[in-house]
1. Would you kindly state how much longer the chain becomes between Arg8 and Arg124 on full extension, computed as 0.36 nm times their sequence separation minus their alpha carbon distance, in nm to one decimal?
2. Pull up all non-local amide H partners of Ile40: gap of 5 or more, or a different chain, and H-to-H distance under 5 Å with H placed in the peptide plane.
3. I'd like the FRET efficiency for Ala31 and Glu173, computed as 1/(1 + (r/R0)^6) with the beta carbon distance as r and R0 of 45 Å, rounded to 0.05.
4. With unit charges on the beta carbons (Lys and Arg positive, Asp and Glu negative) and the dipole taken about the Cα centre of the range 24-104, which residue among Met51, Trp28, Ser69 sits farthest to the positive side?
5. Could you work out how much longer the chain between His52 and Thr19 gets when fully extended? Use 0.36 nm per residue separation minus the Cα distance between them, nm to one decimal.
6. Tell me, in nm to one decimal, what length is gained between Glu232 and Leu216 on full extension, where the rule is 0.36 nm per residue of separation less the Cα-Cα distance?
7. Just the number, please: percent antiparallel of the DSSP beta bridges in the range 2-242, rounded to the nearest 5.
8. Which value, in debye to the nearest 20, describes the size of the charge dipole of the chain about its Cα centre when Lys and Arg Cβ atoms bear +1, Asp and Glu Cβ atoms bear -1, and nothing else is charged?
Amino acid sequence: MNFTSEPRVENGVIERDFTVDDIPGILWTPASAQAPVPLILLGHPGGIRQMHPRLAARAEAAAADGIASATVELPGAGDRPPLPGVEHARADLRRALQAGEPVGADIVDGLVLPLVDAAVPEWRAAMDALLSLPEIGGPVAYSGGIISIGVRLAVVEPRIVAAGLFAGSFVPEAIMHEARRVTIPLHVLLQWDDVGNDRQMALDLFDAFGSKEKSLNANMGGHTGVPRHAGEGASGFFSRHLS
């Protein structure tokens, strides 16, 4: 792990850019921390520079609760080379949505599974590096981003003790099956009127999760209309499980 910027301090949060195996990332830590702190992995749909304002706001809320946050760039996003076949699947998805046609399982698999297969090992490598830092002590949670990545991480990574997931992206059937093996506490956010995504698929995924503790926070509005109180509910969830 290499830090690639000087620390930036704003609103009580220290922000630093880093790379792990040449993959760019950002780490936010509470400036007031006197001991190793827990960590939230901040998922996103790709493009950490474009997403920076929203990621930094989430990190600032976590820092107020004494929790560090970190993110890494997704495969195929930002300045990283595209994943083979994913752009073709994304074009097929756009055509299906514009034509009002059903989105076939082959499109969903081609769009999501290569990303999950590539991203999850990178997230785990980043976790290794982050937990080796003296200021990060764990436990670890995962928050937001592409829900299939969160599902796979919850299945394969025992260091993740809780996850806050954003419903609303297409989910391959293979990930639906993996969801039955998820047993950690879950807090799922769903925008009821997210026209670009399949609401019933999100509900089916929530039903499939094997966790004994799982909650679904559904709100009216589109993809970017998540109400402020929903974020506050997620903050409370992470505070309970990372304290």
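Rule-based calculations on the coordinates, nothing more; no lab input. For clarity, every value in this text was computed on a predicted model and none was experimentally measured. Please note: Cβ atoms are built from the backbone with ideal geometry, for glycine as well, and neighbour counts cover all protein chains shown.
1. 39.2 nm
2. Amide H to amide H, under 5 Å and 5 or more residues apart or across chains, Ile40 pairs with Ala68, Ser69, Ala70, Ala141.
3. 0.50
4. Met51
5. Length gained, His52 through Thr19: 10.3 nm.
6. The span from Glu232 to Leu216 would gain 4.3 nm if fully extended.
7. Around 45 percent of the beta bridges assigned by DSSP in the range 2-242 are antiparallel ones.
8. 460 debye
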